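This report concerns only the one structure given below.
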Amino acid sequence: MKNTFGQNVSVTLFGESHGAGIGAVLDGLAPGIPVDEAFIADQLSLRRPSGKTGTARREQDRFEILSGVFEGRTTGTPLCITIPNENVSSKDYAATRRLARPGHADYTANCKYHGFEDYRGGGHFSGRITAALVAAGAVAITALRNKGIVIGTHVRRCAGVPDRDFEDLAADIEKLNAMTFAVLDDAAAAEMKAKIEAAGQAGDSVGGVLETAVIGVPAGVGEPWFDTVEGVLAHGLFSIPAVKGVQFGAAFDMADALGSQYNDPFAVEAGRIVTKTNHNGGVNGGITNGMPIVFRCMVKPTPSIFKEQETVDFFSREDARLQIRGRHDPAIIHRARVVVDSVTALTLCDLLAGRYGTDYLGGAAT
């Protein structure tokens, strides 16, 4: 079972939803990167559920850094972060042990691990594990910010309600990173929340689309063919539970258009080569062109719903019906945005270290 992502800067995930705890190991980090534990806690709070738009399972996410940090900076050796699970209710899953929850990994996990998997709360497949990604990602986000690279994600669409497009990227990203419910238009945010709450009251769930922008990445990062920026980022993004689609730039909007409409004309501004439009999302030939990297992730409706569903007993191989109990989110998209930011940061750290060397993101000796 492989749980490691990255070639130069890698992250390894461990733990289960209802086990003793979860965590991540970051390896390949440059020495000297500041590690701000208050910022890690803030990032974890953005993933934490709140109000009627999230699950009733509320974890404090009290993390501990076991290695790789000394006097507030990375040492360059593996950095291990652990987060205990403190608010579990495993009895909710015992009655449905043999039933495949539609949309979940219960059946496929059973096929792969021959019945030895921890089924409680989805085990290692649970969205709970993304807390470890966020904690690790906070270190990567800090490293990128120190190089002038910033990331921001908003809920572009949820339950059919659209947010406005990015406008002033730097200002929008700063605004989003201070928000718990990352939607740029206040009226859209209120309507989305109402739709999420209505779905929850009906025992159902909703999904949507996240849109991410990254500014400050230099031109020339990425490899042609098998390690393109799009390919490596998509690899990481598809690891996030419920992400079922990724598109860069205008993507599918180009399918029925003309090249003259979606080619990005080049120009020189203040001595810098830029493109007048950014339909390709900041990437040409798999390599960054210096423009903002822009992409979208489709997040499916939360599969854990309270409506009765058809399923199977995968032990007896018989048809069955399922009524899920427990604590579940009517939507996870607003909580997933910080996970997308985190995976993006980890991926870019890996790509940048591959381009410029492993010390590129490090700090100066004091």
Checklist outcome for this item: All-but-one check, residue 268 against (1) part of a loop (DSSP other than H, G, I, E, B); (2) out of contact with any helix residue (DSSP H, G or I) (no Cβ under 9 Å at 6 or more places or on another chain); (3) of a type outside the set (Phe, Trp, Tyr), failing number (1)
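Yes/no matrix, rows are residues, columns are (1) within 30 Å of residue 124 (Cβ to Cβ); (2) touching a helix residue (DSSP H, G or I) at 6+ places or on another chain (Cβ under 8 Å):
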position	(1), (2)
219	no, no
224	no, no
242	yes, yes
247	yes, no
258	no, no
313	yes, no
317	yes, no
336	yes, yes
Checklist entry - In the set 198, 178, which member is surrounded by fewer than 14 Cβ atoms within 10 Å (Cβ to Cβ) and not hydroxyl-bearing (Ser, Thr, Tyr)? => result 178
Checklist entry - Mind checking which pairs have a first residue in the stretch 305-331 that is within 16 Å of residue 199 (Cβ to Cβ) and a second that is surrounded by fewer than 11 Cβ atoms within 10 Å (Cβ to Cβ), Cβ under 8 Å, 6 or more apart or different chains? => result 309/321
Next on the checklist: Looking at the stretch 155-176, can you tell me whether even one residue there is closer than 23 Å to residue 38 by Cβ and touching a Leu at 6+ places or on another chain (Cβ under 6 Å)?
Outcome noted: no
Checklist entry - Only one residue in 65, 22 is in a strand (DSSP E or B), within 29 Å of residue 192 (Cβ to Cβ) and modelled with pLDDT of 95 or more. Which one? => result 22
Checklist outcome for this item: Of the residues in the stretch 101-126, those that are farther than 20 Å from residue 307 by Cβ and not in a loop (DSSP other than H, G, I, E, B) come to 108, 109, 110, 111, 112, 113, 120, 123, 124, 125
Checklist entry - Restricting the stretch 251-293 to residues that are within 22 Å of residue 150 (Cβ to Cβ) and among the aliphatic types (A, V, I, L, M), which is surrounded by the most Cβ atoms within 10 Å (Cβ to Cβ)? => result 293
Checklist outcome for this item: The residue from 322, 346 that alone is crowded, with 24+ Cβ neighbours inside 10 Å and either under 25 Å from the mean Cα position of the chain (by Cα) or not β-branched (Val, Ile, Thr) (or both) is 346
Checklist outcome for this item: Considering the stretch 185-206, residues that are touching a Ser or Thr at 6+ places or on another chain (Cβ under 7 Å) and assigned to a helix (DSSP H, G or I), and then whichever is farthest from residue 308 (Cα to Cα), we arrive at 193
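In the stretch 217-256, what residues are closer than 20 Å to residue 134 by Cβ and in a helix (DSSP H, G or I)?
232, 233, 234, 235, 236, 237 - these are the residues of the stretch 217-256 that are closer than 20 Å to residue 134 by Cβ and in a helix (DSSP H, G or I).
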Next on the checklist: If a residue must be within 24 Å of the chain's Cα centre (by Cα), loosely packed, with under 14 Cβ neighbours inside 10 Å and modelled with pLDDT of 90 or more, how many such residues does the stretch 68-115 contain?
Outcome noted: 1
Checklist outcome for this item: Checking 30, 56 in turn, the sole residue that is of a type in the set (A, V, I, L, M, F, W, C), at pLDDT below 95 and either in a loop (DSSP other than H, G, I, E, B) or surrounded by fewer than 21 Cβ atoms within 10 Å (Cβ to Cβ) (or both) turns out to be 56
Checklist outcome for this item: Here the qualifying pairs (Cβ atoms under 7 Å; residues six or more apart or on different chains; first in the stretch 107-136 and among the β-branched types (Val, Ile, Thr); second part of a helix (DSSP H, G or I)) come out as 130/47; 130/339; 134/43; 134/44; 134/47; 134/338; 134/339; 134/342
Item to check | Search result, residues across the stretch 129-146 that are of a type outside the set (A, V, I, L, M, F, W, C) and either within 10 Å of residue 47 (Cα to Cα) or out of contact with any strand residue (DSSP E or B) (no Cβ under 8 Å at 6 or more places or on another chain) (or both) | outcome: 130, 137, 145
Checklist entry - Before we move on, is residue 183 touching a strand residue (DSSP E or B) at 6+ places or on another chain (Cβ under 7 Å) and surrounded by 15 or more Cβ atoms within 10 Å (Cβ to Cβ)? => result yes
Next on the checklist: For the stretch 314-365, which positions are small (Gly, Ala, Ser) and in a strand (DSSP E or B)?
Outcome noted: 320
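The values are calculated or read from the model by the stated rules, or taken from the named source; none is laboratory data. Note that the coordinates shown come from a computational prediction; the quantities given were computed from them, not determined experimentally. Using ideal geometry, Cβ is built from the backbone for each residue, glycine included, and neighbour counts are taken over all protein chains shown.
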